[in-house]
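Trainee: One structure coming up, written as structure tokens, with questions to follow.
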Amino acid sequence: MSVIILDKEKGQGLLDHKSFELKHNFAQHPMLQLDSLKKLIEELPRHQVTSSSDDLSLKTDFDAILRDKSRSLNFDEIIPSLMTSKSYIAASGIETHPRYKQLCDEITNEAREVYLKNGRKTSIKGATYWLFIASPNAITPFHFDRFSNFIFQIRGSKELAVFPNFQNNIIDQSLCEQYCDGKSVHTPWNDNLDQFAHKYDFKSGDAVHIPFTSGHYVKNGAEDISISISVFFHTEQTQNWSRILRFNHRLRKRGFLPAKIGENKILDAIKAQLFPLVSIYIRIRNRLA
Ligand SMILES: [Fe+2]
């Protein structure tokens, strides 16, 4: 069964900047059904899988949950109770599993096409895949990611709320700087932020583009478990943003107050160009120290 992202021309001018919805045809793919995915999870290296049976809220530190590899991984208990508990399983690097590599490559090629059909000269780089399986009514806390992504709903429904990126009243850019530079961060939530959300009624066969560092949260539907997969990637644009944010983080650590992305386009361009050289210099200096 070949995978197809439908309406690839949608998203003109929005990619990496604003979320939008697409459709896909691979919700019924045999390798993405619960029994096949249970086998996949059991076969993946332990450090690639995390789970939670806690009742998460929008305020929970999601990064800490994903980083905590000490959590119970007894899938024989978790998977049968998914319908009645508030459990959450996340697995990363699905593309590293030999049986799933071809499927992931096919989805990556489709995602590439979305960029190319929207007039981008260069496409996506370094695609990596996450699988999320969660109970009815489970909540994925408010957080942001250091990549752009497409999320595909395979089974069940959810409310997916996506927020505009680079708005300091939603997520302060200094937090994005830390996270892009490899630090763990807890994205603060308060209910007043909800007015800025674009909410998708997300069901099997739907896909959404979530741009680089856009805040988002998920509330699963009540009727079924939710299965979704996400492909995370960089583009030329997000790589430049990432370099500027990391540059700013290094400056901030040294007591400077750097201009935020968008405040000075010339400075942004200089930082994006300089960051690879600066980080090589710092690495050499640290090695010699
Ligand atoms: Fe996310």
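Trainee: Hey, any idea what Rg/Rh is for region 204-289, computing Rh the Kirkwood way over Cα pairs?
Mentor: Numbers: Rg = 18.5 Å, Rh = 16.1 Å.
Ratio of gyration radius to Kirkwood radius: 1.15.
Trainee: In region 153-193, if every C-alpha pair distance is counted and binned at 5 Å from zero, what percent goes to each bin?
Mentor: 5, 18, 22, 20, 13, 14, 7, 0
Trainee: By counting other Cβ atoms within 10 Å of each Cβ, how are His216, His249 ranked from fewest to most? Intermediate results must be reported in sequence, preceding the final value.
Mentor: Values: His216 24, His249 19.
Sorted ascending by nearby Cβ count, the order is His249, His216.
Trainee: Just how far, in whole angstrom, is region 211-235 from region 145-198 if you go by their alpha carbon centroids?
Mentor: 10
Trainee: Ser279 to Asn190: FRET efficiency via 1/(1 + (r/R0)^6), r the Cβ-Cβ distance, R0 25 Å, to the nearest 0.05? Spell out each step's value before the answer.
Mentor: Numbers: r = 35 Å, r/R0 = 1.39.
Working from the Cβ atoms, E equals 0.10.
Trainee: Please state the equivalent ellipsoid semi-axes for region 240-288: what are the square roots of 5 times the Cα gyration tensor eigenvalues, largest first, in whole Å?
Mentor: Working: eigenvalues 81, 31, 10 Å².
Values for region 240-288, descending: 20, 12, 7 Å.
Trainee: How many nm is it between the label spots at Lys10 and Ala64, if each spot is 7 Å from the Cα in line with the beta carbon?
Mentor: So the label points at Lys10 and Ala64 sit 3.7 nm apart.
Trainee: Given Cβ point charges of +1 (Lys, Arg) and -1 (Asp, Glu) and nothing else, what value in debye, to the nearest 20, does the dipole of the chain about its Cα centre take? Show your work: numbers first, answer last.
Mentor: Numbers: 38 positive and 33 negative charges, 297 e Å.
With Lys and Arg at +1 and Asp and Glu at -1, about 1420 debye.
Trainee: Would you kindly state how much longer the chain becomes between Asp224 and Asn169 on full extension, computed as 0.36 nm times their sequence separation minus their alpha carbon distance, in nm to one decimal? Walk me through the numbers before you get to the answer.
Mentor: On the way: separation 55, 0.36 × 55 = 19.80 nm, distance 3.46 nm.
Going from the current span to full extension adds 16.3 nm.
Trainee: So, one more: Can you give the extra length, in nm with one decimal, that the chain gains between Leu288 and Gln33 once fully stretched, where that is 0.36 nm per residue apart less the Cα-Cα distance? Could you put the intermediate results ahead of the total?
Mentor: On the way: separation 255, 0.36 × 255 = 91.80 nm, distance 5.18 nm.
Length difference between fully extended and current span is 86.6 nm.
Trainee: Can you work out ³J(HN,Hα) from phi for every residue in region 7-21, in order, using Karplus 6.51 cos²θ - 1.76 cosθ + 1.60 and θ = phi - 60°, giving whole Hz and x for Gly and Pro?
Mentor: Rounded to whole hertz, the list is 6, 5, 7, 5, x, 3, x, 9, 3, 6, 10, 9, 6, 7, 9.
Trainee: Pick out which of Gly11, Gly262, Gly205 has the largest mean-square fluctuation in a Gaussian network model of the chain, springs linking Cα atoms closer than 10 Å.
Mentor: The residue with the greatest mean-square fluctuation here is Gly262.
Trainee: So which DSSP H runs in the chain come out at 27 Å plus along the axis (Cα) with average Kyte-Doolittle of at least -0.5?
Mentor: Membrane-span-like by this criterion, though nothing is claimed about a membrane: 265-288.
Trainee: I would also like to ask the following. Based on Cα positions only, what radius of gyration and what Dmax would you give for the chain, in angstroms?
Mentor: 19.2, 59
Trainee: Could you quote the convex hull projected area for region 159-228, Cα atoms only and averaged over all directions, in nm²? Don't jump to the answer; show the numbers that get you there.
Mentor: Details: hull surface 22.2 nm².
Mean projected area of the Cα convex hull: 5.6 nm².
The numbers here are math on the coordinates, done by the rules we state, and not lab data. Model, not experiment: these values are computed from the prediction. Quick reminder, even Gly has a Cβ in these numbers, built from the backbone with ideal geometry, and neighbours come from all protein chains shown.
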